[in-house]
Structure formats: C-alpha cells, structure tokens
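The values are calculated or read from the model by the stated rules, or taken from the named source; none is laboratory data. Predicted model, so just to flag it, every value in this text is computed and none were measured. Here the Cβ positions follow ideal geometry from the backbone for every residue, glycine too, while neighbour counts run over all protein chains shown. In case anyone asks, the SASA skips ligands and DNA or RNA and just uses the protein heavy atoms, side chains included. Shrake-Rupley method; radii C 1.70, N 1.55, O 1.52, S 1.80 Å.
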Amino acid sequence: MSPPLSVALERAIDERQRRLVPTQDLLHNDVPFPTADLFSNDYLSLCTDPKLRQAFLDKISQMPLVFGSGGSRVLCGNAHVHVLFEERMKTFFRAPSALLFNSGFDANVAFWQAVPQAGDAIIFDELVHASTRDGLLGSRARSALYSFSHNSIPSLRDTILRVLGAHPEIARGSATLFIAVESLYSMDGDFAPLPELVQLVDELIPPGCGHIAVDEAHSTGIYGTQGRGLVSALGLENRVDTVLHTFGKARALTGAVLLCSPIVRKYIINYGRPFIFSTSLSYATVAAMDASCDYIESEAGTELISSLHRLSASFEQKLKVALASIPPHILSPFPRNTPSGFPEGITSPIFPIITSAPMPLAEFLRSLGYDTRPIPYPAVPRGQERIRVVVHAKNTEAELDDLITRLLEWAFMMAEKERKEKSHLHPRELAASPSYASYASCIRAVGLSKL
Ligand SMILES: Cc1ncc(COP(=O)(O)O)c(C=O)c1O
C-alpha cells in the first residue's frame with residue numbers, strides 16, 4: 001500500500017492534470033532549443049552575450065575570493081562586495097538607501113511580511129506577482145488587504161476611499177496605507193498608470209501616510225537613462241517610496257536590490273526573514289551583477305536598449321495591421337493603452353496574442369523554431385487564453401516579420417478548417433469567413449515577405 005502522503009500528493013497532481021493546468025516534472029531540459037528566443041525574460045539578450053561573459057571572467061580572475069560568503073549577512077556573510085555594490089546601487093539610482101537580496105522573490109516576501117505594521121492597510125493591483133502575495137499573506141496587516149482592478153485608476157480611487165473609511169487611523173495620520181504595483185506586468189505586457197497613481201495618493205491620503213511600492217522586475221534595465229527603470233524614466237523617484245529592481249530578467253542574472261529609506265532598510269535587515277535566514281549572495285554573483293551593470297550603463301548597453309525599443313515598436317505596429325483581418329477568436333492582439341503622462345517612445349516588449357487554441361499554436365511555432373509559450377485557461381480567464389511573444393534586443397527584424405507571417409499562416413489554416421466544418425452553411429455566410437486563398441494577399445498587404 002502506498003504511504004498516505006504519496007496518495008494525497010498524487011491525487012492532487014492528477015486533479016491538476018484533469019483540470020488541464022500545465023504540470024511539469026523538469027526531468028529534461030528544453031532541447032532542441034528553438035533558434036529564436038521569443039519567450040524568455042532576457043530582454044536585452046545579455047544571457048548569451050560574449051562580451052558580458054568576458055567582462056565577468058576578467059572581474060573574477062582579479063578577485064581573491066569568488067565562492068560563498070559563508071553565511072547570512074547578519075552573521076558572518078556581510079562581505080565588502082555586498083557593501084560596495086549596495087553603495088553603487090544607491091548612487092546609481094539616486095536612492096536614499098539600497099539593500100541586496102538573493103532574489104526578487106525574497107525581497108518582496110521580506111518587504112511585505114516585515115514592513116507594514118499592525119493597524120496599517122495594503123492595497124494591491126489584482127495582478128501582482130506571487131512573491132508580493134506571499135509577503136502580504138504573512139504581513140502583520142494581513143487582515144487589511146484590499147485589491148483593486150488591474151491598472152484601473154477609478155477602481156484604485158474607490159478602494160482608497162473605502163480603506164480610509166474603514167481605517168480612520170490612516171485618515172487621522174497615525175497609520176500607513178501601502179500601495180503595491182508593478183511598473184510593467186509580464187502577463188498582459190501593460191504598464192501601471194504611475195503618474196496618475198502618485199497624483200491620486202497625494203490627493204487622497206494624508207501626507208506621509210501613503211507608501212507606494214513599485215516592483216520593477218520587468219522594467220529594470222530597459223527604461224530610463226542607462227536602464228534606471230520606469231520610475232526614473234517618468235521622473236517619479238521622489239514620489240515613490242520603495243522600488244524593487246531584480247537581476248533575473250534584463251540584467252541576465254539572479255538577485256535583487258530594494259531601494260528604500262534608511263529606516264526601512266534597517267528594519268528589514270533586522271526583521272526580514274528571507275534576508276536574515278539565508279546565505280548572502282556569493283562573491284561571484286555580486287561580481288556578475290557588477291559586470292551586468294557596467295555593460296548596461298555603457299554605450300553598448302544603450303544600443304541594446306534602443307534596439308529593444310525599435311524592434312518592439314515595429315513588431316507592435318506590424319502585428320496590429322496583420323491581425324486586423326483575422327477573426328478575433330482565432331488571433332487578436334491583446335488590447336492595451338499607454339497610460340497618460342508617459343513620454344513618447346516607451347514601448348512594451350511583451351505581446352500577449354489572444355487565441356482560443358494556445359497550445360496548438362505554440363506547438364506550430366515551436367516546430368518552426370520559434371520559442372513562444374502558451375498561457376491556457378485556467379492560468380488566464382476563459383476567452384483570454386493566449387500565447388506570449390517577448391521581443392529581445394537581439395531578435396532580428398527578419399525573424400519577427402517571419403513570425404508574423406507564420407502567425408498569419410496558422411490563422412488562415414484555422415479559418416480554412418472552420419470553413420470546412422461549416423460547409424453546411426449558406427455560401428453567403430461562408431464568404432464572410434476568411435479563406436486560405438486570401439492568405440497570400442494578406443501577407444502582401446502588411447508588407448511582409450512571402451513564405
Ligand atoms: C513582477 C515580479 N516580481 C518579482 C519576481 C521575483 O523575482 P526573482 O525571479 O528575482 O525571484 C518576479 C519573477 O518572475 C516577477 O515577475
């Protein structure tokens with residue numbers, strides 16, 4: 001007889017598979033790897049950059065110590081490299097102070113678990129990351145959590161007013177109302193309306209009682225001068241209280257840095273469990289973080305950032321035109337607007353494409369060498385199933401054009417299949433759905449190369 005724990009775990013996994021929730025065992029890596037990366041968070045294509053690799057190797061070859069720090073920073077693991085790198089981050093981001101973490105996940109859990117106090121309240125965008133949610137659930141303010149509709153300023157306004165009514169100590173100025181958002185959301189590829197958000201907080205919350213925390217996991221490195229992020233690009237550094245920059249995405253590594261006030265920093269060092277009870281970053285990792293920052297801040301980094309924005313803007317435009325004639329249930333671009341107060345030229349590299357058949361579409365593209373990923377129900381609500389395409393600095397225009405061509409090819413194959421399934425329809429109704437024959441003319445109309 002199987003032990004009861006195994007029975008319970010297997011039952012849970014079976015149930016998950018029955019609900020068609022993607023379930024993994026990670027026993028094999030993703031080989032053969034497709035030729036074009038259209039999925040990873042490596043927005044600047046730095047993970048495979050030979051110059052960054054060499055810069056890192058040069059750096060560590062000069063260092064007397066490269067391995068582990070030997071403990072948590074509050075025990076014996078507070079090395080010179082950690083202190084120096086925090087100083088660099090503080091200066092670079094023009095922040096009051098900076099605190100290093102082993103990951104963005106740890107930073108969010110540490111901040112949200114430790115910093116809000118009993119009597120405080122927290123409002124969060126309904127789409128914030130799991131690490132923020134985990135932190136919120138362990139927070140002393142966990143009985144006062146309120147979500148607002150994704151990126152909706154009217155919903156945020158209503159929620160702030162409701163919270164101020166329910167927590168008069170905040171309105172009286174003796175407690176804090178925290179607001180948790182991400183600057184760029186990875187699932188929808190859209191931006192938080194930060195300029196309006198800071199204005200709303202100024203308008204509704206007594207001075208000093210609002211605390212805005214922005215997670216820049218997906219925007220660090222790719223917006224603002226030398227990749228300082230979206231808060232900096234929008235000139236909001238002095239109006240946002242805490243900002244998280246992670247190193248796992250555009251910065252091509254692991255680790256994170258939290259920009260916050262000196263008292264928040266000191267409090268987390270002494271009360272933030274993921275900070276206290278984990279071995280600090282190895283010397284080699286901090287050296288790699290340093291090398292990655294050198295690179296992104298250099299001319300070569302600026303070129304990569306420009307390339308990412310140029311490719312993203314052109315892909316967005318071409319995709320919109322290409323999908324205009326496709327029935328929306330087969331393929332449609334995810335609708336999104338740039339929030340007000342954003343300067344020109346801020347483009348998202350993340351493109352969700354809505355389709356009722358995300359798995360077959362991703363498989364079709366993968367067979368052609370394009371690594372996009374399906375996001376099926378229940379990961380997203382029904383009707384919003386999608387594939388996600390992420391543009392990278394070193395994708396090529398030709399490869400992105402070809403991807404659109406392939407998307408169209410697939411869409412017309414699907415339309416043709418539907419026509420056959422509806423062959424009992426009146427010819428007039430049939431004529432209303434696009435046919436495979438119109439595929440070539442559509443490709444020509446959007447100015448893409450033929451297959
Ligand atoms: C918005 C957001 N915040 C935090 C994290 C966690 O960062 P890390 O991967 O460094 O643990 C992620 C990771 O996917 C994320 O997307």
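On average, how much accessible surface per residue is there in the chain, in Å², for a 1.4 Å probe, leaving out ligands, DNA and RNA?
It amounts to 47 Å² per residue over the chain.
Add +1 for every Lys or Arg and -1 for every Asp or Glu among the other residues with Cβ under 12 Å from the Cβ of PHE105, and state the total.
Result for the local shell: -2.
Check the straight Cα-Cα distances from LYS266 and name the lysines below 22 Å, setting aside those fewer than 8 residues away within the same chain.
Of all the lysines, those that pass the test against LYS266 - Cα under 22 Å, at least 8 places apart if same chain - are LYS90.
Which trypsin sites (Lys or Arg not before Pro) in segment 1-98 pass both tests, a DSSP loop state and at most 16 other beta-carbon atoms within 10 Å?
ARG19, ARG94
What are the residues whose amide H is under 5 Å from the amide H of ASP215, where those residues sit 5 or more places off or on another chain and H is modelled from the backbone?
It is VAL181, GLU182, SER183, LEU244, by chain and number.
Sorting check: for 327-336, 229-238, which peptide has the highest mean count of neighbouring beta carbons within 10 Å, and how do the rest follow?
Highest to lowest by the protection proxy: 229-238, 327-336.
Counting other Cβ atoms within 10 Å of each Cβ, which GluC sites (Glu not before Pro) in segment 68-152 have at most 10 and sit in a DSSP loop? Working shown, then result.
Numbers: sites: GLU86, GLU87, GLU126; in loops: GLU126.
Taking segment 68-152 and a limit of 10 other Cβ atoms within 10 Å, no loop GluC sites (Glu not before Pro) are found.
Search the structure for amide H atoms under 5 Å from the amide H of PHE148, placed 1.01 Å from N in the peptide plane, and list their residues when 5 or more places away or on another chain.
Those qualifying (amide H under 5 Å, at least 5 residues apart or on another chain) are PHE124, ASP125, GLU126.
Hey, any idea what % of the chain's accessible area is carbon plus sulfur with a 1.4 Å probe? Could the numbers behind the result be given before it?
On the way: 11990 of 21350 Å².
Answer for the chain: carbon and sulfur cover 56 percent of the accessible area.
What are the ³J(HN,Hα) couplings of segment 16-26, residue after residue, when phi is run through the Karplus curve with 6.51, -1.76, 1.60 and θ = phi - 60°? Round to Hz, x for glycine and proline.
Once θ is set to phi - 60°, the couplings for segment 16-26 become 4, 5, 4, 7, 6, 6, x, 10, 10, 10, 6 Hz.
Give the dimensionless ratio obtained when the Cα radius of gyration of segment 116-175 is divided by 2.2 N^0.38 Å.
For segment 116-175, the normalised Cα radius of gyration is 1.11.
What list of ³J(HN,Hα) values in whole Hz, one per residue of segment 375-385 in order, does the Karplus curve 6.51 cos²θ - 1.76 cosθ + 1.60 (θ = phi - 60°) give from phi, with Gly and Pro shown as x?
My calculation for segment 375-385 gives 10, x, 5, x, 4, 10, x, 4, x, 10, 4 Hz in order.
If we sort 208-216, 106-114 on the protection proxy, mean other Cβ atoms within 10 Å, highest first, what's the order?
On the way: 208-216: 22.3, 106-114: 26.0.
Ranking, from highest mean packing down: 106-114, 208-216.
What are the ³J(HN,Hα) values, in whole Hz, obtained from phi via the Karplus relation 6.51 cos²θ - 1.76 cosθ + 1.60 with θ = phi - 60°, for each residue of segment 200-216 in sequence order, with x given for Gly and Pro?
Computed from phi, the couplings for segment 200-216 are 5, 5, 4, 6, 9, 9, x, x, x, 9, x, 9, 8, 10, 10, 8, 9 Hz.
What angle do you read, to the nearest 10 degrees and between 0 and 90, between the alpha-carbon axis of helix 397-421 and the longest principal axis of the chain?
Helix 397-421 sits roughly 50 degrees off the main axis of the chain.
Rounded to the nearest 500 deg cm²/dmol, what is the calculated helix-only ellipticity per residue at 222 nm for the chain, with -39500 (n - 2.57) per DSSP H run of length n ≥ 4? The partial results should precede the final answer.
On the way: 17 runs with 194 residues, N = 451.
For the chain, the value works out to -13000 deg cm²/dmol.
Would you please classify the overall shape of segment 51-296 from the alpha carbon gyration tensor, given that a ≥ b ≥ c denote the square roots of the eigenvalues, rounded means a/c under 1.5, and beyond that prolate means a/b larger than b/c while oblate covers the rest? Could you put the intermediate results ahead of the total?
Working: a/c = 2.29, a/b = 1.64, b/c = 1.39.
Here segment 51-296 falls in the prolate category.
Give the lysines reachable from LYS420 as a straight Cα distance under 28 Å; neighbours fewer than 8 places away on the same chain don't count.
Partners found: LYS320, LYS450.
Highest mean first, what order results for 282-288, 404-410 on Cβ atoms within 10 Å?
Numbers: 282-288: 21.7, 404-410: 20.0.
So the peptides 282-288, 404-410, ranked by packing, come out 282-288, 404-410.
Please state the charge dipole magnitude for the chain, taken about the Cα centre, from unit charges on C-beta atoms (+1 on K and R, -1 on D and E), reported in debye and rounded to the nearest 20.
Approximately 500 debye in magnitude.
Starting from the amide H of ASP371, placed 1.01 Å from N in the peptide plane, find each other amide H under 5 Å away whose residue is 5 or more places distant or on another chain.
ALA36, LEU38
Report the charge-dipole magnitude of segment 51-296 in Debye, nearest 20, computed about the Cα centre from +1 at each Lys and Arg Cβ and -1 at each Asp and Glu Cβ. Mind dumping the intermediate values first?
Values: 20 positive and 22 negative charges, 137 e Å.
Roughly 660 debye, rounded to the nearest 20.
According to the square roots a ≥ b ≥ c of the eigenvalues of the Cα gyration tensor, what is the shape class of the chain, taking rounded for a/c under 1.5, prolate for a/b larger than b/c otherwise, and oblate for the remainder? Don't jump to the answer; show the numbers that get you there.
Details: a/c = 1.67, a/b = 1.44, b/c = 1.16.
Judged from the Cα gyration tensor, the chain comes out prolate (a/c at least 1.5, a/b above b/c).
With respect to the cross-link table entries LYS51/LYS318; LYS51/LYS249; LYS249/LYS417, which display a Cα-Cα separation exceeding 28 Å?
Pairs exceeding 28 Å: LYS51/LYS318; LYS249/LYS417.
With an 8 Å cut-off on Cα pairs and a minimum separation of 6 or more residues, tell me the relative contact order of the chain in percent.
Taking the mean separation of contacting Cα pairs over the length of the chain, I get 20 percent.
Which GluC sites (Glu not before Pro) from segment 272-360 combine a DSSP loop assignment with at most 12 other Cβ atoms within 10 Å?
GLU344
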